[in-house]
Amino acid sequence: MKIKKYPENTPSNICGSCHKSEYKKLQTNHTKHSELHCATCHVVHGFIPKCQSCHGLPHSAGLHKKFPNCLACHKDPHNLPMNRKK
Ligand code: HEC
Ligand code: HEC
Ligand code: HEC
Ligand code: HEC
């Protein structure tokens, strides 16, 4: 099956039928990313967004210089370790 484009409001469970682990993480470890559709970030199938495209550089310049990769601390956009709610 070849998927290229889909609307931004494509229900996440449709993506989850193939991408089970990302879907399950977003569902079971609720963060603000859980409220977004998969397609809000992955606007085209296979596209990987940069955190900065939505968040800019939210921390101090020194921190970003020392840790250029957001995921050094934030680990996984589908399963953020911070701000996790029940
Ligand atoms: C029918 C199964 C299927 C569905 C439904 C599906 N995908 Fe995929 N997806 C795949 C397969 C297979 C790959 C890897 C091969 C490829 O790139 O086509 C993939 C690749 C990806 C990748 C890139 C993974 C990487 O390692 O770089 C992302 C991101 C992604 N899909 C997101 C989504 C999102 C978001 C949706 C829902 C809007 C979705 N997919 C729906 C099967 C699916
Ligand atoms: C807040 C934005 C965001 C949302 C929402 C999101 N993703 Fe992702 N996704 C990303 C980023 C960023 C990466 C790259 C992670 C990395 O570099 O390790 C990624 C990577 C992926 C990959 C590649 C494999 C991997 O884990 O690196 C797949 C498949 C994927 N996402 C599927 C999904 C599906 C399915 C959903 C919805 C259930 C979803 N994503 C929701 C941002 C998002
Ligand atoms: C398509 C836009 C988009 C992308 C890409 C994106 N985010 Fe977000 N992120 C959001 C939105 C929207 C929120 C909720 C913001 C709010 O309510 O203030 C959020 C919230 C967060 C939060 C707070 C979580 C919480 O539950 O309080 C963190 C941390 C975060 N993002 C980190 C990242 C990281 C790291 C990446 C890259 C791996 C990333 N985001 C990629 C849109 C995005
Ligand atoms: C050295 C570790 C570290 C790095 C690197 C890092 N962050 Fe963070 N970030 C944190 C911590 C810790 C928090 C939680 C602060 C809190 O709970 O108020 C946070 C919180 C956030 C939040 C939520 C802010 C809010 O108001 O709730 C966002 C969004 C975010 N980071 C985005 C990013 C992005 C984008 C990058 C990369 C450009 C990045 N972070 C790199 C440690 C880091």
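The values are calculated or read from the model by the stated rules, or taken from the named source; none is laboratory data. What you are looking at is a predicted structure, and each value in this text was computed from that prediction instead of being measured. Note that each Cβ is placed from the backbone with ideal geometry, even for glycine, and that neighbours are counted across all protein chains shown. Ligands, DNA and RNA are stripped out before the accessible areas are found, and what is left, the full protein with its side chains, is counted by its heavy atoms. Shrake-Rupley method; radii C 1.70, N 1.55, O 1.52, S 1.80 Å.
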(message) With +1 on the Cβ of every Lys and Arg and -1 on the Cβ of every Asp and Glu, and nothing else charged, how large is the dipole of the chain about its Cα centre, in debye rounded to the nearest 20?
(response) 180
(request) Kindly provide the helix-only [θ] at 222 nm of the chain, computed as the sum of -39,500 (n - 2.57) over DSSP H runs of four or more divided by all residues, to the nearest 500 deg cm²/dmol? (result) -8000 deg cm²/dmol
(message) Given the options HIS74, CYS41, SER12, identify the residue whose Cα lies farthest towards the positive end of the charge dipole of the chain (+1 on Cβ of Lys, Arg; -1 on Cβ of Asp, Glu).
(response) HIS74
(request) For the chain, give the percent of accessible area contributed by carbon and sulfur heavy atoms, probe 1.4 Å, rounded to a whole number. (result) 62
(request) Return the distance in nm (one decimal) between the two label points of a simple spin-label model at SER17 and ILE48, each offset 7 Å from Cα along Cα→Cβ. (result) 2.6
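If r is the Cβ-Cβ distance from LEU36 to ALA72 and R0 is 25 Å, what FRET efficiency results, to the nearest 0.05? Could the numbers behind the result be given before it?
Working: r = 22 Å, r/R0 = 0.88.
For R0 = 25 Å, the calculated efficiency reads 0.70.
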(message) Springs between alpha-carbon pairs under 10 angstrom, Gaussian network model over the chain: which of LYS32, LYS65, LYS20 fluctuates most?
(response) LYS65
(request) Give me the Debye-computed log₁₀ of I(q)/I(0) at q = 0.14 Å⁻¹ for segment 12-74, equal point scatterers on Cα only, no solvent, two decimals. (result) -0.51
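Probe of 1.4 angstrom, ligands and nucleic acids ignored: what's the accessible area per residue over the chain, in square angstrom?
On the way: 6960 Å² over 86 residues.
I get 81 Å² per residue for this part.
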(request) Over 27 Å between C-alpha atoms is what I'm after, so list which of LYS20/LYS75; LYS20/LYS66; LYS24/LYS75; LYS24/LYS65 land there. (result) LYS20/LYS66; LYS24/LYS65
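Work out how much length HIS55 to THR10 would gain on full extension: take 0.36 nm times their residue separation and subtract the Cα-Cα distance, in nm to one decimal. Don't skip to the answer; put the middle values down first.
Numbers: separation 45, 0.36 × 45 = 16.20 nm, distance 2.26 nm.
Extending this stretch completely gives an extra 13.9 nm.
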